[in-house]
1. So if R0 is 25 Å, what FRET efficiency would Ala19 and Trp127 give, r being the distance between their Cβ atoms, rounded to the nearest 0.05?
2. Taking a virtual spin label 7 Å from the Cα of Ala84 along the C-beta vector, which residues in the stretch 115-146 bring their backbone nitrogen under 14 Å of it?
3. Return one number: the angle in degrees, 0 to 90 and rounded to the nearest 10, between the long axis of the Cα atoms of helix 123-141 and the longest principal axis of the Cα atoms of the chain.
4. Can you tell me the 0 to 90 degree angle between the C-alpha axis of helix 2-38 and the longest principal axis of the chain, rounded to 10?
5. Could you tell me whether the stretch 2-141 comes out rounded, prolate or oblate from its Cα gyration tensor? Rule is a ≥ b ≥ c as square roots of the eigenvalues, rounded for a/c under 1.5, then prolate if a/b exceeds b/c, otherwise oblate.
6. Measure nothing but the geometry: give the 0 to 90° angle between the long axis through the Cα atoms of 77-96 and the longest principal axis through the Cα atoms of the chain, rounded to 10°.
Amino acid sequence: MRKFWMSFLAVVVGYLGTALIVMVTFSLAYLILGAEGSYQPDSWNVSMTWVVLSIVVGLGAAWTGGRICIWIAGNHVAPKYLVALIVVLGVVSAMMTNQGDVDTIRTVTPSIMEAMSYSVQPAWLTWLNPVLGGVGVAMGSGLLFGSDRGR
């Protein structure tokens, strides 16, 4: 029974760690880049800089979540569940994402909360995120390349 609860804890903490890294990093990135660096001119569409940052941060955060998960669980079972959780939640999120009106003109410098609400990312990136999350966790936990470091 202890193994079950440690695996459960590993998945939860790995997921929360991933989410926290993403939220903090994107908040800091928005503060550093500002609206001019985060968006295309006069648009709610994210810039190419933001797209590249999204890919790097998503993969890195998922890698870290995988490391956390394997460290807590001590086995490769829990990271498999974390991969599944991230992929399923990512696909559900992608299916529910409303791409909105990409022609809407952004006339103000939005706050971080407004930016999170109104930003429009490319549809392909919305669908790439679950894949990056799953691959990142698999790499970080050693599922993908067979590394047992950190166990």
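Values in this text are rule-based calculations from the coordinates and carry no lab data. Owing to the predicted nature of the structure, the values given are computational and were not obtained by experimental measurement. As a convention, Cβ positions derive from the backbone with ideal geometry for all residues, glycine included, and neighbour counts pool all protein chains shown.
1. Working: r = 19 Å, r/R0 = 0.76.
So the FRET efficiency works out to roughly 0.85.
2. The answer is none.
3. For helix 123-141, the angle is close to 30 degrees.
4. That helix lies at roughly 20 degrees to the long axis.
5. Judged from the Cα gyration tensor, the stretch 2-141 comes out prolate (a/c at least 1.5, a/b above b/c).
6. 20
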